[in-house]
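Notes for the one structure printed next.
The values are calculated or read from the model by the stated rules, or taken from the named source; none is laboratory data. Quick caveat: nothing in here was measured; it's all calculated off a predicted structure. Glycine gets a Cβ as well: all are built from the backbone with ideal geometry, and neighbour counts include every protein chain shown.
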Amino acid sequence: MKFDPASRIQDLRQFGEYGDVNPSITDSATYTFMQAKTMADTFHGETEGCFLYSRHWNPSNKYLADAMAAMEGTEAGWVTGSGMGAITTAFLQLCNSGDHIISSMTIYGGSFAFLQNWLPRFNINVTFVNITDLDAVRAAIRPNTKVIYTETMTNPMLQISDIPALAKISNENNIKLVVDNTFTPMMVTPSRLGAHIVVYSLTKFVNGKNDCVAGAICGTHDFIGQLIDVNSGTAMLLGPVLDPMRSSSILKNMHTLHLRMKQHSFNAMYLANKFVEAGVTIHYPGLPTNKGHETLKRMMDPQFGFGGMIAIDLGTAEQASKLMEKMEIEDVGYLAVSLGYFKTLFSNSGKSTSSEVPEEVQREMGLSEGMVRFSVGLDNDIERTWEKIHKSLRETGCI
Ligand code: PLP
């Protein structure tokens with residue numbers, strides 16, 4: 001049977017305690033036991049269905065984690081208070097002092113800063129590579145390399161990582177492949193392509209409401225068990241847990257994710273073609289001329305399209321600012337960071353979400369100071385949106 005992430009979520013049949021069609025929210029930090037031994041066993045992770053303390057597990061968080069695992073096709077998941085909480089927890093579980101990581105050079109600025117500036121404080125070092133250059137990935141491997149890290153569709157360049165090829169390299173060298181799939185939920189299922197651990201910022205498309213930050217880690221039972229081990233688990237001991245109220249609302253929003261992804265992709269493809277016609281330099285993996293197009297086609301589930309992210313290059317930061325301010329006035333969407341919202345959001349990556357990346361590295365990865373990244377919204381009339389963009393481009397001298 002075909003792997004359909006949306007049907008897998010729909011088939012979960014998660015009920016509340018009175019047959020509620022939405023699971024009840026567990027509004028408790030602690031849980032009582034009738035027998036002391038059951039509590040002791042639960043402490044050591046040995047009692048199925050029992051909960052101990054909400055930093056460890058909470059039933060509401062478990063429902064959301066199970067939905068994430070169903071979508072990803074992994075054995076298990078765990079949900080965190082932010083995407084960065086998921087990413088940092090996964091790294092700190094996998095790596096010890098003295099270890100080495102290979103990372104895509106183009107990744108979210110916060111992840112870049114964590115790898116570049118924070119981990120070396122604990123003697124964990126990182127080599128940044130062009131992740132589409134598999135020879136460069138192979139050449140960067142050292143005896144102490146523990147993780148290869150990338151984003152399926154990288155932020156902000158929208159490069160496409162060849163996950164099966166990276167998984168092969170990882171397996172041959174006993175390395176874990178960790179993939180951030182924040183930009184491409186449902187469209188691409190990294191764990192089915194060989195990724196060992198998949199991390200998410202749920203803040204973006206998965207929740208889609210821009211009302212909270214949250215994250216998730218998906219992987220094997222064994223790995224999730226390690227994360228929440230009371231003696232050595234990074235999640236248990238650093239405590240980046242998601243609040244159960246939020247888990248509950250994110251779970252409900254996940255039920256429309258498949259529809260939203262289709263509409264984001266449809267609108268992005270429409271705008272991408274219009275930008276091409278208007279002669280604007282554009283990065284969109286849905287365009288056959290894009291370098292990652294064929295790789296993405298091999299990996300994606302076509303029913304969800306090529307995704308809702310596009311980036312255009314206006315040459316200079318000044319020109320980018322002019323266009324963004326005009327588009328805000330014309331109500332194309334909002335000049336704001338983040339993504340996956342019903343409104344189109346746009347920002348100049350080099351000056352915002354990638355500003356942690358030093359300018360020389362930005363140049364090396366091909367990030368122009370005039371790049372404007374769009375998270376295309378759910379607009380019902382995308383033609384009308386294009387008219388506003390076209391007007392903004394004309395009136396600011398971009399075309
Ligand atoms: N991963 C990617 C690809 C992102 O774009 C972001 C934030 O923009 C994050 C992770 C971090 O997520 P959060 O802001 O939820 O911590």
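The table that follows gives values for the structure above.
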read-out	value
Residue pairs meeting the criteria (Cβ under 8 Å; at least 6 apart or on separate chains; first over 20 Å from Asn174 (Cα atoms), in segment 189-203; second assigned to a helix (DSSP H, G or I) and among the small types (Gly, Ala, Ser))	Tyr200/Gly83; Tyr200/Ala86; Ser201/Gly83; Ser201/Ala86; Leu202/Gly83; Thr203/Gly83
Set Leu287, Leu259, Leu314: member being buried (at least 22 other Cβ atoms within 10 Å of the Cβ) and either of a type outside the set (A, V, I, L, M) or closer than 28 Å to Asn380 by Cα (or both)	Leu314
Hey, Val337 more than 21 Å from the chain's Cα centre (by Cα) and among the aliphatic types (A, V, I, L, M) or not	no
Hey, Arg55 in a loop (DSSP other than H, G, I, E, B) and closer than 30 Å to Val179 by Cβ or not	yes
Among the candidates Thr203, Thr256, Thr281, residue that is under 13 Å from the mean Cα position of the chain (by Cα) and modelled with pLDDT of 95 or more	Thr203
Enumeration of residues in segment 212-233 that are buried (at least 19 other Cβ atoms within 10 Å of the Cβ) and within 10 Å of Glu75 (Cα to Cα)	Cys218, Gly219, Phe223, Ile224
Leading residue by the ranking (surrounded by the most Cβ atoms within 10 Å (Cβ to Cβ)) among those in segment 69-111 that are under 20 Å from Gln226 (Cα atoms), within 15 Å of the ligand (Cβ to nearest atom) and polar (S, T, N, Q)	Thr80
Given (1) in contact with a Leu (Cβ under 7 Å, 6 or more places away or on another chain); (2) outside the structural domain of Thr89 (by TED's automatic domain parsing); (3) not aromatic (Phe, Trp, Tyr), index of the condition Ala268 fails	(1)
Candidates Asn155, Asn130, Asn123 - the one that is closer than 24 Å to Val376 by Cβ and either of a type in the set (A, V, I, L, M, F, W, C) or touching a residue at least 24 places away in the same chain (Cβ under 8 Å) (or both)	Asn155
